[in-house]
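Here the structure is laid out as structure tokens; the discussion comes afterwards.
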Amino acid sequence: MENVTLSLEPGGALPMYEQLYRYFAAAIRAGRLRPGERLPSKRALCAHLGVSRSTVETAYGLLAAEGYIRSRPKSGYFVWDFVRLEPDGTERRDGAAAFPGPRPVPAPGPDSGGAGQGPRPLKTGARPAFDFSTASVDTSRFPYSSWARLNKEVVYSSPELLQRGERQGDRALRESLAAFLAQYRGVSCRPEQIVVGAGMEYLTGLLLQLFAPETVFALEDPGYGAVGHAMENLGRRTCYIPLDENGMQVQALEDSGAQVAYITPSHQFPMGVTMPAGRRSQLLHWAADRDRYIVEDDYDSEFRYGTRPVPAMQGMDTRGRVIYTGTFSRSLAPSIRIAYLVLPPALLDRYRALRGHSLSTVSRYEQAVMARFLDQGLYARYLRRVGNLYRQRRAALLEALAAIRGTEISGSSGGTHFLLTNRRFSQEELLARAAEAGIRLQGLSGYCRFCVPRPSTLVIGYGGLEDSRIPEAMARLARAWG
């Protein structure tokens, strides 16, 4: 206990659980707490610091959720094996190997889904009664009145918006984004580093122009196929890196010869894995060597169940190797085509040299509305409302699916999708039986490029599902798979 020297500030700018969490996270990253070292018991730490049990439990829960510590039954909490970076960028590793060695990249199997084109279509020509698509967004809670009010204010009070705006996006929106990302995602950036564009497809094409034509981009396998197809359609070289329980395998990435890794660390799509702090540190070390970069796609990080959203990986980056990307299409509405990049300083200079003449592709009026939406706290309020909606919908689905024999759920800690496995049937049979019941589902194999998918596994998206129809949908599935 003598090594815990923190003095908490009741009533400070940060809640006490947040102060305690930050203290331990910094100590682990710096090596003051070593891998395998036992943390004080909750009761002992409460007595030592004079705080409530809930303060310590919340702090420990956040540390565990982000992979800093692991709980051992009847033994307490221990620091997880952790790879850190020394000031000169070299790797420092304490204790045994931090992670098991990566599995070899498996050859394509009969259930691999070929080129990762996404989910297979229904074999029946009928339109499904229920569609568990991962691309759907619930717009029933869209803040129509607030959005309309802000549009009216902007139109009548800002005639200057009829003129051309700034090339990277108007300053007001970039300042609002920088403040929001710092507070809610732990992103460290200046407004000058942000580039606003009309959708991630456009920004992906822009990002590719910042790298030499021979650059190899590493993608997750399984993963979001549209990114790979966009890169390949633009003539870029790609390779596919398998995942383990902690995310992209670092040794396989090193062996691939890639210079840029595209990852979804907060809630991997489609596996639902949250990349722990140790694996993030390993990837940052990989990127710090030989001028390599990481693209962090934070596509659905706003929604987290059980714990708060995991801070962005970009906040751990001290060497300017992470390119952070985000969009409002997944949280607000698909038609709101406001997306953004946060570029490290070196790439920002490259962007300005190559694209400094280009105007922003997002309407200045829409940018101004979004800036006010952020500044007035309306977006944060909306996220709380729709997050509660998704949390309740997820709970209803999990409860109903638990009654179907042989069903296992994984990857449900965040986002608007999870994995369902039922080994009583093959993936194809699960899909066919569901289709006959009027339900469109997606097989995991549709997201695999070369890896062999987990057998009998489906990807269940529930963002656009109507709550009132859940009982009927689950009853149909129970009959189909009963």
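The values are calculated or read from the model by the stated rules, or taken from the named source; none is laboratory data. Remember, it's a predicted structure, so these values are computed and weren't measured experimentally. No Cβ is skipped: glycine too gets one built from the backbone with ideal geometry, and neighbour counts run over all protein chains shown.
List of remarks:
- For the stretch 299-323, the set of residues classified as more than 21 Å from GLN249 (Cβ to Cβ), in contact with a Ser or Thr (Cβ under 6 Å, 6 or more places away or on another chain), surrounded by 19 or more Cβ atoms within 10 Å (Cβ to Cβ) and of a type outside the set (Ser, Thr, Tyr) consists of GLU302, PRO309, listed by residue number.
- Failed condition for VAL250, given (1) of a type outside the set (Lys, Arg); (2) touching a residue at least 24 places away in the same chain (Cβ under 8 Å); (3) within 24 Å of VAL362 (Cα to Cα); (4) crowded, with 18+ Cβ neighbours inside 10 Å: (3)
- Residue within the stretch 62-81 that is among the polar types (S, T, N, Q) and either closer than 28 Å to GLN19 by Cβ or at pLDDT 85 or above (or both) present: yes
- Filtered residues of the stretch 382-433 (kept if out of contact with any Leu (no Cβ under 6 Å at 6 or more places or on another chain), of a type in the set (Gly, Ala, Ser) and within 22 Å of GLY223 (Cβ to Cβ)): SER412, SER413, GLY414, GLY415
- Filtered by the rule that a residue be part of a helix (DSSP H, G or I), farther than 28 Å from LEU208 by Cβ and not aliphatic (A, V, I, L, M), the stretch 354-385 gives TYR365, ARG372, PHE373, ASP375, TYR379, ARG381, TYR382, ARG384, ARG385.
- Strands (runs of 3 or more DSSP E) lying entirely in the stretch 397-475 (those with 3 or more residues that are free of Cβ contacts under 8 Å to residues at least 60 places away in the same chain and surrounded by 17 or more Cβ atoms within 10 Å (Cβ to Cβ)): 417-422
- Scanning the stretch 182-194 for residues that are under 18 Å from SER360 (Cβ atoms) and either in contact with a Gly (Cβ under 8 Å, 6 or more places away or on another chain) or part of a helix (DSSP H, G or I) (or both) yields PRO191, GLU192, GLN193, ILE194.
- Only one of the numbered conditions (1) out of contact with any Phe, Trp or Tyr (no Cβ under 7 Å at 6 or more places or on another chain); (2) not assigned by TED's automatic domain parsing to the domain that holds TYR68 is violated by LEU6, and that is (1).
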